[in-house]
Structure formats: structure tokens, C-alpha cells
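Engineer: Attaching a single structure in C-alpha cells format; questions to follow.
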Amino acid sequence: MRNTLVLNASYEPLTTVSLKRAVVLVLQDKAVVEHAHPLRMVRGTGVAVPVPRVIRLNRYVRVPFRQRAPWSRRGVLVRDQHLCAYCGRRATTVDHLVPRSRGGADSWLNTVAACSEDNQRKADRTPEQAGMKLLRRPFEPTPEATLMLALGLRDTEMRELAAWLPLPATA
């Protein structure tokens, strides 16, 4: 089951939560369902709630301005769509371009998704030293892009929820 998009009381996208957490927020009257799955319901004893795709908090939550998306291993895998940066196969690990043992940081620009075979083959070297080429360069996603990636939406779902999501930045 996909995550549920959480909007602030001002309709500003805040984060994503699990289906279970979204239902709890709705049942506790902390949020209302703005957009639900058309055919699915969550049923309990004496209660039925449509499966929420988008919920809106009833009270405004003040959020400090975030210029940068926080780095995480999961975030790197999602950013790279779980594809190895070296061979293009399914990635399950995160590789540091400059190894941590050599002062490399846990940062968006120093990490890529990698399959375990390529990660082991590269070992404690840079890609150049290991003779390995990157298929794509790492980049730092915007906080909005990170939120949209976390939703894990397919194209049809993206179009369905487009009204609730921030507009992509234009160059």
C-alpha cells in the first residue's frame, strides 16, 4: 500500500505517512480525508473509512523553512529509483564515491545507489581508482522532489494527485 500525502491546514504538502497512521489521524479528528481511493475502504468494528490518498490536518502546523532535503540511505535509493549507478541493475546498497574511510561524507553528492556486487568490487576506492564509470551523476533533490519520490507514485497516480502536489521547479 502506498503512503498517504499529508497537507497542512493551509493545503501545503508536509510529508507522507503510512496508511495506518493516516487512518488514525482521521479517526482522532486530527485530519480530514481530502482525496480517497475510489474503491477501497478500511473497516473496523462499527467504522468504515475510505482509504485516504491525501489528508489535511485540522490545525496548522508551523514548519521551519527547509532549503535542503535531509540525506538518508533510503532517500538515496529512492532518488536513484533503486537502480545501480554502475551497471543499472537493482540496487540494494548505498555506495560512497569518496569512501568514508578517506573522509567521504554521507551526502547527496557523495553517495549513489549500488548493487551489492558493484559495491564490493569498488571496495575502499574511488570509482576512478576501481575503473568503474557512473551511469548518472548524483544530485541533491529539492525537499519537494524528495516528498514526491517518497510517495512512490506511478504516472497515472501522479496525474490523479497533481492538484495536491507542488508544481515542479522550472529552470
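Engineer: For the stretch 54-131, which fully contained helices (runs of 4 or more DSSP H) count at least 3 residues that are under 27 Å from GLU160 (Cα atoms) and modelled with pLDDT under 90? Quick ask: steps written out before the conclusion?
Structural biologist: Values: elements: 73-79, 116-122, 127-130.
Of the helices (runs of 4 or more DSSP H) lying wholly inside the stretch 54-131, those with at least 3 residues that are under 27 Å from GLU160 (Cα atoms) and modelled with pLDDT under 90 span 73-79.
Engineer: In contact (Cβ under 8 Å) with a residue 40 or more places away in the chain and either over 23 Å from ASN3 (Cβ atoms) or open to solvent by 10 Å² or more (accessible area, probe 1.4 Å) (or both): is that true of GLY75 in this structure? Break it down stepwise before answering.
Structural biologist: On the way: in contact (Cβ under 8 Å) with a residue 40 or more places away in the chain: yes; either over 23 Å from ASN3 (Cβ atoms) or open to solvent by 10 Å² or more (accessible area, probe 1.4 Å) (or both): yes.
Yes: the conditions hold for GLY75.
Engineer: Check off (1) surrounded by 12 or more Cβ atoms within 10 Å (Cβ to Cβ); (2) at positive phi for GLY46 and give me the number that stays unchecked.
Structural biologist: (1)
The values are calculated or read from the model by the stated rules, or taken from the named source; none is laboratory data. Here the structure is a predicted model, which means the values were calculated and not measured. Cβ: placed from backbone, ideal geometry, glycine included. Neighbour counts: every protein chain shown. The area values use the complete protein model at the heavy-atom level, side chains included, leaving out ligands, DNA and RNA. Shrake-Rupley method; radii C 1.70, N 1.55, O 1.52, S 1.80 Å.
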